[in-house]
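K.L.:
Okay, here's the structure, questions in a sec.
The values are calculated or read from the model by the stated rules, or taken from the named source; none is laboratory data. Since we're looking at a predicted model, the values are computed, not measured. Note that each Cβ is placed from the backbone with ideal geometry, even for glycine, and that neighbours are counted across all protein chains shown. Keep in mind that these areas ignore ligands, DNA and RNA; they rest on the heavy atoms of the full protein, side chains included. Shrake-Rupley method; radii C 1.70, N 1.55, O 1.52, S 1.80 Å.
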Amino acid sequence: MDWIRKAIFYHIYPLGFCGAPAQNNWDAPVMRIEKLVEWIPHLRSMNINALYLGPVFESSEHGYDTRDYFTIDRRLGDNATFKEVCRQLHENGIRIVLDGVFNHVGREFWAFRDVQEKKQGSAYCTWFHNLNFGGGSPMGDPFWYEGWSGHYNLVKLNLRNPQVVQHLLDAVGMWIDEFGIDGLRLDAADCVDLDFFRQLRGFVRSKRPDFWLMGEIIHGDYNRWANPDMLDSVTNYECRKGLYSSHNDHNYFEIAYSLNRQFGGNGGIYRGLCLYNFADNHDVHRLASVLKEPEHQKNIYTLLYTMPGVPSIYYGSEWGVKGMQQKGSDAQLRPCLELGRIPDADESLLRHLQKLGKIRAGLPALQFGGYDQCMVKNEQFAFRRTDGSNQAYVALNLAAHPEYVEFRVERSLLVDVFSGTRFETNDGNLKLELPAYGARILVPEADYAHLDNLEYCEAAAPVEKPEPVAAPRKLELGRYRHFKGGEYEVIGLARHSETLEELVVYRALYGQQELWVRPLEMFLGTVERDGQTLERFSYLG
């Protein structure tokens, strides 16, 4: 989908950003989420056209302990207020991706409270993974359940239960229909049942063909989760580590190896994926706190904006805001920030990111192009991005002094988009000086002229809410009439043992009453007959 490859993300952790209390006291809603509207001009100045919001669903504490999937956290506001915020973001060309925490819920989740109250008599005992009454929980319950990663305040859901899946899909459908959200970031995706992702993908695609699904994955082969059957993308933690440590160690070979392994030439293992790239987020130390030399921040962001994938900036990091995890607390990573009052703000870094936003928005080679390594040394690195006739060369120097580099190019004249300097070569061997702690992005002269005239990219174009897609039919048990006239009784729904495809089991109500099976999608589908669209099987009751 093109909008993702053209996207520049801004990531906000709403509860921290808005200064919400650490604990939910269940008081009346406070409309803190309206603060997002105040930041729209700042986002547009950076050519941000996609906003990833951390948890907004009602929770007890940090947002990842969901209490109600259908309601915005009252510490942030109410649904009506958030709907208006979403409208204004869309009007300003900013798409919205929400945090989908579907692996676990909090202990205040309504179905878990029902189990606490009714014990074995609760209708929701099967909603939770490994819940049984053979012993007590570490939290004092008279039953056992599985907590996420040993955290028993986070109760793992049973995503093999069709009722749980339907509850989650109904919630996702509501946020799409009512708020027009454009995607989901799936929390703890490595712990989620893979079949749930298959069902989620089918559901969201039926509502929005361009709806984006991205999973939080820290280790492993990204293709396991990001593929045509499940998610569109995952978090690129491999390159997140390489971005800062290659600079700290003065070793560009590290990030060059990762980029070449992931995207290089014909052998890159993730060439077909648009990975979610970032330098820091709500779970890791902020970039400015882990770098040995603050001067390297600009080069890191230059890499982030020019490497394959989609770049994301964590709120405040555009000014070099610092923050570390301390004694198990993430509070420093998730501060309340106010425009015009950013502590120790690095305005030159912000200007650099504003420039990078304009560059990325105006160069299709950076959005869609393939990747080829041109040259790598310990302190210098160059690569090419190519999309058909569109080309861009990126060369970086992490040394504290200027340095000359030389590499092959396919154009005789290239212009550095940062400085406007022109570089020529007669033999295809380009030799040029890189500034200390600096970089050059080299493009053909016509592309440079286009950038020079570009004020805003597609971030200024409103995101139109698509026309709603009719809700898919649901299978009911009972009698159906085939469009040719025969009547049948649906007995149940089965699943193919190899492909997991859903199959309708039904029998004829005439003749020898044979049993039949047919794929669910086909059974509930339509046919064209005599110029009319008819239901293949119409429900009789």
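K.L.:
Kindly list the number of the only condition in (1) buried (at least 19 other Cβ atoms within 10 Å of the Cβ); (2) of a type in the set (K, R); (3) in a loop (DSSP other than H, G, I, E, B) that fails for R384.
P.N.:
Result: R384 passes all but (3).
K.L.:
Just to be sure before I move on: is I94 over 17 Å from the mean Cα position of the chain (by Cα), closer than 18 Å to G180 by Cα and buried (at least 21 other Cβ atoms within 10 Å of the Cβ) in the structure I sent?
P.N.:
For I94, the condition - over 17 Å from the mean Cα position of the chain (by Cα), closer than 18 Å to G180 by Cα and buried (at least 21 other Cβ atoms within 10 Å of the Cβ) - is not met.
K.L.:
Filter the stretch 263-280 down to the residues that are in contact (Cβ under 8 Å) with a residue 60 or more places away in the chain and open to solvent by less than 60 Å² (accessible area, probe 1.4 Å), then identify the one that is nearest to the chain's Cα centre (by Cα). Spell out the reasoning first.
P.N.:
Within the stretch 263-280, the subset in contact (Cβ under 8 Å) with a residue 60 or more places away in the chain is 263-265, 268, 271, 274, 276, 278.
Remaining after also requiring open to solvent by less than 60 Å² (accessible area, probe 1.4 Å): 263-265, 268, 274, 276, 278.
Values: F263: 19, G264: 23, G265: 26, G268: 22, C274: 10, Y276: 7, F278: 11 Å.
Here the residue is Y276.
K.L.:
Being part of a loop (DSSP other than H, G, I, E, B) and either at pLDDT 80 or above or of a type in the set (S, T, N, Q) (or both), is that true of even one residue in the stretch 439-460?
P.N.:
Let us first name the residues in the stretch 439-460 that are part of a loop (DSSP other than H, G, I, E, B), namely 444, 454-457.
With the extra rule that they be either at pLDDT 80 or above or of a type in the set (S, T, N, Q) (or both), the set shrinks to 444.
So far as the stretch 439-460 goes, yes, one or more of its residues are part of a loop (DSSP other than H, G, I, E, B) and either at pLDDT 80 or above or of a type in the set (S, T, N, Q) (or both).
K.L.:
Right, another one. Which of (1) without any contact (Cβ under 8 Å) to a residue 60 or more places away in the chain; (2) crowded, with 22+ Cβ neighbours inside 10 Å; (3) within 16 Å of N277 (Cβ to Cβ) does Y237 not meet, given it meets every other one?
P.N.:
(2)
K.L.:
Among the residues that make up the stretch 347-366, is at least one of them open to solvent by 40 Å² or more (accessible area, probe 1.4 Å) and either part of a loop (DSSP other than H, G, I, E, B) or of a type in the set (F, W, Y) (or both)?
P.N.:
no
K.L.:
In the stretch 191-224, what residues are farther than 28 Å from R473 by Cα and either in contact with a helix residue (DSSP H, G or I) (Cβ under 7 Å, 6 or more places away or on another chain) or part of a helix (DSSP H, G or I) (or both)?
P.N.:
Correct list: C191, G215, E216, I217, I218, G220, Y222, N223, R224.
K.L.:
As an exercise: evaluate K156 against (1) open to solvent by less than 40 Å² (accessible area, probe 1.4 Å); (2) closer than 18 Å to E216 by Cα; (3) not in a strand (DSSP E or B) and give the number of the one condition it does not meet.
P.N.:
(3)
K.L.:
Only one residue in D221, D229 is surrounded by fewer than 15 Cβ atoms within 10 Å (Cβ to Cβ), within 30 Å of E379 (Cα to Cα) and free of Cβ contacts under 8 Å to residues at least 60 places away in the same chain, so which one is that?
P.N.:
Working: D229 fails: within 30 Å of E379 (Cα to Cα).
The unique qualifying residue is D221.
K.L.:
Of all residues in the stretch 473-513, which are over 40 Å from the mean Cα position of the chain (by Cα), exposed (fewer than 14 other Cβ atoms within 10 Å of the Cβ) and acidic (D, E)?
P.N.:
E487 - this is the single residue of the stretch 473-513 that is over 40 Å from the mean Cα position of the chain (by Cα), exposed (fewer than 14 other Cβ atoms within 10 Å of the Cβ) and acidic (D, E).
K.L.:
So how many residues does the stretch 514-528 have that are hydroxyl-bearing (S, T, Y) and loosely packed, with under 12 Cβ neighbours inside 10 Å? Steps first, answer last, please.
P.N.:
Quick first cut of the stretch 514-528, residues hydroxyl-bearing (S, T, Y) only: 526.
Adding the requirement that they be loosely packed, with under 12 Cβ neighbours inside 10 Å leaves none.
Residues in the stretch 514-528 being hydroxyl-bearing (S, T, Y) and loosely packed, with under 12 Cβ neighbours inside 10 Å: 0 in total.
K.L.:
Any idea which of (1) over 20 Å from L184 (Cβ atoms); (2) surrounded by 13 or more Cβ atoms within 10 Å (Cβ to Cβ) is the one V85 doesn't satisfy?
P.N.:
(1)
K.L.:
Restricting attention to the stretch 418-438, which residues are open to solvent by less than 40 Å² (accessible area, probe 1.4 Å) and part of a strand (DSSP E or B)?
P.N.:
Of everything in the stretch 418-438, those that are open to solvent by less than 40 Å² (accessible area, probe 1.4 Å) and part of a strand (DSSP E or B) turn out to be F423, L430, L432, L434, G438.
K.L.:
Among the numbered criteria (1) within 20 Å of M307 (Cα to Cα); (2) open to solvent by 30 Å² or more (accessible area, probe 1.4 Å); (3) modelled with pLDDT of 90 or more, which single criterion is violated by S389?
P.N.:
Tallying (1) within 20 Å of M307 (Cα to Cα); (2) open to solvent by 30 Å² or more (accessible area, probe 1.4 Å); (3) modelled with pLDDT of 90 or more, S389 fails exactly one: (3).
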